[in-house]
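See below for the structure under consideration.
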Amino acid sequence: MGRAYDPARATRERLLMLERREKARAQARAVTDGVAESVALSRSRGAAFAKEPGARDTPYRRQCGLDWLAKKGRLTARQLAAGERYGECYRLAAAEASIGSTLEVQPGSLPGGPSLAQVLRQGAGRKQAATRLALYRRQLLEQADLIGACDRICGQELTPREAGGGEREGLRLEAVLKVALDILAAAPP
């Protein structure tokens, strides 16, 4: 048979449920406030963020420098394509090979680890990317400012303001980047 209705017990259970619900809401507000604070601090340093239009609680997505410049209409399609090629080579050439923690570990010997063929393909890909990156840097006439702008904005995916450390230097860096991308876009791929 069922239990008899106990008004005191029902009240306690209802209060516990309301307490848990309020605690969950407080935690959600704390997380939202923390995210908003982190985004605000990053924005003040020059980072760009995108949020789905019309979406209320969607996560922020950090925009890379090239995407931000293209979204603002400050880059042509050719400049954007040249910057993406440079950035891809930069990131691939800078990728570190994963090395096991012991000298006895050989590629393919650990379950789920890369095979020797995969490791060799990755190494060859990094070598090709380094060769292409060197070519791009020669096309930029080994000019430190042009290469630095491409490395920071295309390769490291920083916005000009982040890369320059402020608005004024960011605008200068953006102008230098545009010149570099024009040179890279004019050269054969």
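Give the residues of the range 126-140 that are surrounded by fewer than 18 Cβ atoms within 10 Å (Cβ to Cβ), in contact (Cβ under 8 Å) with a residue 24 or more places away in the chain and either more than 14 Å from residue 93 (Cα to Cα) or in contact with a Phe, Trp or Tyr (Cβ under 8 Å, 6 or more places away or on another chain) (or both), sorted by residue number.
139, the sole residue that qualifies.
Would you confirm, using the coordinates I've provided, whether residue 103 is at pLDDT below 90 and either of a type outside the set (S, T, N, Q) or over 30 Å from residue 37 (Cβ atoms) (or both)?
It is true that residue 103 is at pLDDT below 90 and either of a type outside the set (S, T, N, Q) or over 30 Å from residue 37 (Cβ atoms) (or both).
Confirm whether residue 36 is touching a residue at least 12 places away in the same chain (Cβ under 8 Å) and within 30 Å of residue 69 (Cβ to Cβ).
Answer is no for this residue.
Return the residues of the range 1-48 that are farther than 30 Å from residue 156 by Cβ and not in a helix (DSSP H, G or I); say none if nothing qualifies.
Restricting attention to the range 1-48, the residues satisfying the condition of being farther than 30 Å from residue 156 by Cβ are 1-30.
Once the filter is applied, which keeps residues that are farther than 30 Å from residue 156 by Cβ and not in a helix (DSSP H, G or I), the range 1-48 yields 1, 2, 3, 4, 5, 6.
Which of the helices (runs of 4 or more DSSP H) contained wholly in the range 137-189 include at least 2 residues that are closer than 21 Å to residue 42 by Cβ?
160-164, 167-186
The values are calculated or read from the model by the stated rules, or taken from the named source; none is laboratory data. None of the values given here were measured: they were computed from a predicted structure. Using ideal geometry, Cβ is built from the backbone for each residue, glycine included, and neighbour counts are taken over all protein chains shown.
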